[in-house]
Amino acid sequence: MAALLLGVSAVTTTANGARFMQNFLDGAPPVVRDSDLWPWPWLIEHPEFFATGVAFSIALLTILLIHEFGHYFACRWHGILSSLPWVLPAPTLSGTAGAIILIRSKIKSRDALMDVGIYGPLAGYLASAAAVAVGFALSFTPAQDAPKAIVRFGSEPLTIQIIHSLLRHWDPSVPSLDHIAPHPILIAGWIGLFITSLNLIPAGQLDGGHILYAVSPRLHRHAPKVLPFVLFLAGATAWVGWLLWGVFLLLPAMRHPKVNTDRPLNDGRLLLAMLGALILLMTITPMPFYGNSLMHFLH
């Protein structure tokens, strides 16, 4: 099943990547027309362009797999049974809904829970940051009369701002953030950072939920009472997708299974928890897309 899902995801992400690449070569934003959101009719007419999406597909799938293998090897280290990573194809802007592993046995300690929670986003973060750096190096400044995007990426997370500043310091020819034709690998890195931030939301059975539970089961119990409403507010004012995440955290299936908490975390793993919080701050962006809040659509 894992191999089948990966194969289908390779096709869907390559299809979307081909559309991104053609717009990039034309000096245009990633999404400039409605057909860019569903590239299959265009690819049926121009099948020769399909292979141009491979760079985006490889970059994004590599980020997702590195993230999930971080979880997988942490499970193996602690003797926890889990599946291989499943990459989920979907009709989204990227061609995938992300990746998961299925944990099939009980997590027996807070140390194990911390390791399983942190090593996925840590590995995925490093892979995403590397893709962002490569993507900036391959991007260029478009013409002044380049077409306008119909899907506009929102405020950049701190990681992108820092990497961009460093690269501009070393090479002033790197295009500015407000006027750039982004290479598809840069888009893949941005998506990887965004997925990392979503997984680090400290609630439920998300990676951030595992980390918070390992640090303080009491705080974890109170998180579902507060975070969904914070996300509902963000969905109304910043990005409508937060509404779905708020509902997602309220589902009974998101309740965290009990883990033995008799033994406290050691200092090293408390530092890992702090690192997880730092990665969340470095990747989160309340408005990942401009003009996509609930209030915007109502108006």
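The values are calculated or read from the model by the stated rules, or taken from the named source; none is laboratory data. Owing to the predicted nature of the structure, the values given are computational and were not obtained by experimental measurement. With ideal geometry, Cβ positions are generated from the backbone for all residues, glycine too; neighbour counts draw on all protein chains shown. Keep in mind that these areas ignore ligands, DNA and RNA; they rest on the heavy atoms of the full protein, side chains included. Shrake-Rupley method; radii C 1.70, N 1.55, O 1.52, S 1.80 Å.
General observations
- Any hit, the stretch 34-50, residues being open to solvent by 40 Å² or more (accessible area, probe 1.4 Å), modelled with pLDDT of 95 or more and within 17 Å of the chain's Cα centre (by Cα): no
- Test result for TRP86, under 19 Å from ALA123 (Cβ atoms) and surrounded by fewer than 20 Cβ atoms within 10 Å (Cβ to Cβ): yes
- Which numbered condition SER94 misses (of (1) in a helix (DSSP H, G or I); (2) open to solvent by less than 50 Å² (accessible area, probe 1.4 Å)): (1)
- The single residue among ILE180, ILE187 that is open to solvent by less than 80 Å² (accessible area, probe 1.4 Å), at pLDDT below 95, under 24 Å from the mean Cα position of the chain (by Cα) and hydrophobic (A, V, I, L, M, F, W, C) turns out to be ILE180.
- Screening VAL31 against (1) free of Cβ contacts under 8 Å to residues at least 60 places away in the same chain; (2) not in a helix (DSSP H, G or I) leaves a single unmet condition, (1).
- Verdict on THR12 being within 17 Å of ILE187 (Cα to Cα) and touching a Ser or Thr at 6+ places or on another chain (Cβ under 8 Å): yes
- Condition check for VAL87: farther than 20 Å from PRO202 by Cα, in contact with a strand residue (DSSP E or B) (Cβ under 6 Å, 6 or more places away or on another chain) and modelled with pLDDT of 95 or more: yes
To keep it simple, each residue is scored yes or no on (1) in contact with a Pro (Cβ under 9 Å, 6 or more places away or on another chain); (2) more than 28 Å from PRO29 (Cβ to Cβ); (3) open to solvent by less than 40 Å² (accessible area, probe 1.4 Å); (4) at pLDDT below 90.
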position	(1), (2), (3), (4)
ASN199	yes, no, yes, no
ALA203	yes, yes, yes, no
ASP207	yes, yes, yes, no
ILE211	yes, yes, yes, no
SER216	no, yes, yes, no
ALA223	yes, yes, yes, yes
VAL230	no, yes, no, no
LEU275	no, yes, no, no
THR283	yes, no, yes, no
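- The stretch 187-245, residues that are within 14 Å of ALA273 (Cα to Cα) and among the aromatic types (Phe, Trp, Tyr): TYR213
- Condition met for ARG255 (closer than 18 Å to LEU113 by Cα, free of Cβ contacts under 8 Å to residues at least 24 places away in the same chain and either open to solvent by less than 20 Å² (accessible area, probe 1.4 Å) or of a type outside the set (Gly, Ala, Ser) (or both)): no
- The number of residues in the stretch 138-157 being closer than 23 Å to ALA127 by Cβ, of a type outside the set (S, T, N, Q), open to solvent by less than 80 Å² (accessible area, probe 1.4 Å) and at pLDDT 80 or above comes to 3.
- Scanning the stretch 20-33 for residues that are over 12 Å from ALA149 (Cα atoms) and surrounded by fewer than 20 Cβ atoms within 10 Å (Cβ to Cβ) yields GLN22, LEU25, ASP26.
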